[in-house]
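The values are calculated or read from the model by the stated rules, or taken from the named source; none is laboratory data. What you see is a predicted model, and the numbers here were worked out from it, not measured in a lab. Backbone-built Cβ (ideal geometry, glycine too); neighbour counts: all protein chains shown.
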Amino acid sequence: MFRLGQAGAQVAELIEQGQTLPRGHEQLTERLLDAGAIHPLIDSHAELPYRLGDVTVVIPAFVRSAIEASRLGKLVSQCEDVAEVIVVDDGSSHALPTLDKATVVTLGTNSGPGSARNAGLSRVATPLVAFIDLDVTLHAATPQKLLPYFVDPRLGIVAPRVVSENVISTIDKYDQVRSPLDLGPNEARIAPGTRVSYVPSAMWLCRTEAIRAVHGFDESLRFGEDVDALWRVIGAGWRCRYQPQVTVGHQPRATLQEFFTQRRMYGRSAAELASRHPGSVAPVRVSWHSAGMWGLIACGFPILGGLLGTYTVLALRRKLRDVPNSLDESIRLAGLGNLHGARILASAITRAWWPLAAIMALFSRRARTVLIAAAVVPAMYEWWSKRPPLDPLRYLALRAIDDASYGVGVWEGAIAQRSAEALMPDLSAWSTGAR
């Protein structure tokens, strides 16, 4: 919540109306941008800060089949008008296609995506670098549409939306609405602990200076190296943005085994990221009010849970005392917040915490009820609201595999790191102050 003075209120009103802002607005608008309260709009008539000739494309390539070789050739052909395309052959077991329009850098052994990207980054001589994965398909003018955002001198990385392609198999149809790479239709600033806390490096357009300032990617990480680099760029003071108005295509995993492995490794990377970025990775991030309310209800104390929910409304009303209709607004916001908290807690029970929940369910009927409800109710609501091209049973089964695979990875990573950081909830209450 922001409390604005008279001059700030005038600036906010002009932002709402889409009008030119007065001199001296920068301090407020910078704070609003950093908080994710406002987002930049592109002026189609303004001069671009950079051209495609200022972009070098780096493609890390671990090619294992003729299909992947064909994808690589197609991707290189889509990178038109850029300064250079650098393909880093990361110890491929299959021959690369002929790439007349690219510079090929060959690594002796397969060292992982972080090493491959760093090898390409070391050869970049342009102010911007685009990292694009092998299984990505560029849509019309994808890089061109991202260039205008660099009018912001603090912008370090901008990423498009990653959408699944070739919706044919059951896994394809599931990934169409629940891909871990697709972060949805709403633009956002990227920051740990926020609605969009990361973006996958399927495609990033980066300011070369920003990615080099943090020494590129951590080569010791096989998974999560992109999130680690992103958070280090943000920590260095750069602004990073997710702009879903621009999209790229992505090939979903072809088999159930590949699907399981992908989710498991994402979970494993969460534990490694938690040890490098304490406080940035949590399976649950809700207020203690919501956690306590649902905990009491789940333990068989609905009246006490209701009383805590009522306290939530009263506490929020005190915070919103200057807002018109503060009681109605407090009831609405507290209700939505507690429902959102229930969804987050259910997700944790079926993902990161499911081994513990399963053990408890063996000995407690109430725990079994909670576990079944957490697995079924959110999944069925999601199926009903998103209407994927799948029947409810297959959707429920794939979501259960998705969640369980991720949870297995989290526990593997926690044991390997000898740290429970990735399993610990963040139950921070509402901030006591305003901005």
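Among the numbered criteria (1) in contact with a Pro (Cβ under 6 Å, 6 or more places away or on another chain); (2) β-branched (Val, Ile, Thr); (3) not in a helix (DSSP H, G or I), which single criterion is violated by VAL177?
(3)
Which of the residues spanning region 213-228 are touching a helix residue (DSSP H, G or I) at 6+ places or on another chain (Cβ under 7 Å) and either more than 25 Å from ASP175 (Cα to Cα) or not small (Gly, Ala, Ser) (or both)? Break it down stepwise before answering.
Applying the first criterion (touching a helix residue (DSSP H, G or I) at 6+ places or on another chain (Cβ under 7 Å)) to region 213-228 yields 214, 216-219, 221, 223-225, 227-228.
Hits for region 213-228 are VAL214, GLY216, PHE217, ASP218, GLU219, LEU221, PHE223, GLU225, VAL227, ASP228.
Report, by residue number, each residue of region 41-83 that is closer than 23 Å to PRO97 by Cα and in a loop (DSSP other than H, G, I, E, B).
PHE62, VAL63, ARG64, SER65, CYS79, GLU80, ASP81, VAL82, ALA83
Does region 283-292 contain any residue that is in a helix (DSSP H, G or I), in contact with a helix residue (DSSP H, G or I) (Cβ under 9 Å, 6 or more places away or on another chain) and in contact (Cβ under 8 Å) with a residue 60 or more places away in the chain? Steps first, answer last, please.
If we filter region 283-292 for residues that are in a helix (DSSP H, G or I), which is where we start, we get 288-292.
Next, only the ones that are in contact with a helix residue (DSSP H, G or I) (Cβ under 9 Å, 6 or more places away or on another chain) stay: 289-292.
Retained after the next criterion (residues that are in contact (Cβ under 8 Å) with a residue 60 or more places away in the chain): 289, 291.
Within region 283-292, one or more residues are in a helix (DSSP H, G or I), in contact with a helix residue (DSSP H, G or I) (Cβ under 9 Å, 6 or more places away or on another chain) and in contact (Cβ under 8 Å) with a residue 60 or more places away in the chain.
Go through ASP152, ASP226, ASP133 for me and flag whichever is modelled with pLDDT of 90 or more, surrounded by fewer than 22 Cβ atoms within 10 Å (Cβ to Cβ) and among the acidic types (Asp, Glu). If you could, list the steps in order and put the result at the bottom.
Working: ASP226 fails: surrounded by fewer than 22 Cβ atoms within 10 Å (Cβ to Cβ); ASP133 fails: surrounded by fewer than 22 Cβ atoms within 10 Å (Cβ to Cβ).
Only one candidate passes the filter, namely ASP152.
Can you spot a residue in region 237-255 that is more than 30 Å from SER169 (Cα to Cα), surrounded by fewer than 18 Cβ atoms within 10 Å (Cβ to Cβ) and more than 15 Å from the chain's Cα centre (by Cα)? Quick ask: steps written out before the conclusion?
Narrowing region 237-255 to residues more than 30 Å from SER169 (Cα to Cα): 237-241.
Okay, now just the ones that are also surrounded by fewer than 18 Cβ atoms within 10 Å (Cβ to Cβ), so 237.
Okay, now just the ones that are also more than 15 Å from the chain's Cα centre (by Cα), so 237.
Within region 237-255 (the criterion being more than 30 Å from SER169 (Cα to Cα), surrounded by fewer than 18 Cβ atoms within 10 Å (Cβ to Cβ) and more than 15 Å from the chain's Cα centre (by Cα)), the answer is yes, since at least one residue qualifies.
Among (1) part of a loop (DSSP other than H, G, I, E, B); (2) touching a strand residue (DSSP E or B) at 6+ places or on another chain (Cβ under 6 Å); (3) surrounded by fewer than 18 Cβ atoms within 10 Å (Cβ to Cβ), which single condition is THR106 missing?
(1)
Look through VAL87, VAL57 and report the one residue that is in the same structural domain as SER197 (by TED's automatic domain parsing) and in contact with a Cys (Cβ under 7 Å, 6 or more places away or on another chain).
On the way: VAL87 fails: in contact with a Cys (Cβ under 7 Å, 6 or more places away or on another chain).
Among VAL87, VAL57, only VAL57 is in the same structural domain as SER197 (by TED's automatic domain parsing) and in contact with a Cys (Cβ under 7 Å, 6 or more places away or on another chain).
Taking into account only those residues within region 336-375 that are surrounded by 13 or more Cβ atoms within 10 Å (Cβ to Cβ), in a helix (DSSP H, G or I) and among the charged types (D, E, K, R), which is nearest to the chain's Cα centre (by Cα)?
Here the residue is ARG343.
Looking at region 323-335, can you tell me whether even one residue there is farther than 20 Å from TRP411 by Cα and crowded, with 20+ Cβ neighbours inside 10 Å?
Step one: of region 323-335, the residues farther than 20 Å from TRP411 by Cα are 323-335.
With the extra rule that they be crowded, with 20+ Cβ neighbours inside 10 Å, the set shrinks to 330, 334.
Yes, region 323-335 contains at least one residue that is farther than 20 Å from TRP411 by Cα and crowded, with 20+ Cβ neighbours inside 10 Å.
Select from region 159-201 the residues that are more than 24 Å from ASP34 (Cα to Cα) and touching a Leu at 6+ places or on another chain (Cβ under 6 Å) and list them in ascending order.
Step one: filter region 159-201 for residues more than 24 Å from ASP34 (Cα to Cα), giving 163-180.
Selection gives LYS173, TYR174.
So, in region 302-353, of the ones that are touching a Ser or Thr at 6+ places or on another chain (Cβ under 8 Å) and polar (S, T, N, Q), which residue ends up farthest from ARG178 (Cα to Cα)?
Only one residue fits best here, namely THR312.
Go through region 3-40 and give me each residue that's assigned to a helix (DSSP H, G or I), surrounded by 15 or more Cβ atoms within 10 Å (Cβ to Cβ) and touching a residue at least 60 places away in the same chain (Cβ under 8 Å).
If the condition is that a residue be assigned to a helix (DSSP H, G or I), surrounded by 15 or more Cβ atoms within 10 Å (Cβ to Cβ) and touching a residue at least 60 places away in the same chain (Cβ under 8 Å), then LEU33 is the only one that fits.
Mind listing whichever residues of region 211-260 are assigned to a helix (DSSP H, G or I) and over 20 Å from VAL196 (Cα atoms)?
Of the residues in region 211-260, the ones assigned to a helix (DSSP H, G or I) are 211-213, 225-235, 256-260.
Those that are assigned to a helix (DSSP H, G or I) and over 20 Å from VAL196 (Cα atoms): ARG212, ALA213, LEU256, GLN257, GLU258, PHE259, PHE260.
Please name all residue pairs, on different chains or six or more residues apart, with Cβ atoms under 9 Å, provided the first residue is in region 61-82 and is of a type in the set (Lys, Arg) and the second residue is assigned to a strand (DSSP E or B).
These pairs meet every condition: ARG71/VAL136; ARG71/THR137; LYS74/THR137.
For residues that are of a type in the set (Gly, Ala, Ser) and either in contact with a Cys (Cβ under 7 Å, 6 or more places away or on another chain) or under 16 Å from ASP402 (Cα atoms) (or both), tally how many sit in region 341-357. Give the steps one after another, and end with the answer.
Within region 341-357, the first condition is being of a type in the set (Gly, Ala, Ser), and the residues that meet it are 341-342, 346-348, 352, 357.
Next, from what is left, pick out any that are either in contact with a Cys (Cβ under 7 Å, 6 or more places away or on another chain) or under 16 Å from ASP402 (Cα atoms) (or both): 346-348, 352.
Residues flagged as of a type in the set (Gly, Ala, Ser) and either in contact with a Cys (Cβ under 7 Å, 6 or more places away or on another chain) or under 16 Å from ASP402 (Cα atoms) (or both) within region 341-357 amount to 4.
Keeping to region 376-386, report how many residues are surrounded by fewer than 20 Cβ atoms within 10 Å (Cβ to Cβ), farther than 17 Å from ALA298 by Cβ and without any contact (Cβ under 8 Å) to a residue 60 or more places away in the chain.
Total meeting the criteria: 4.
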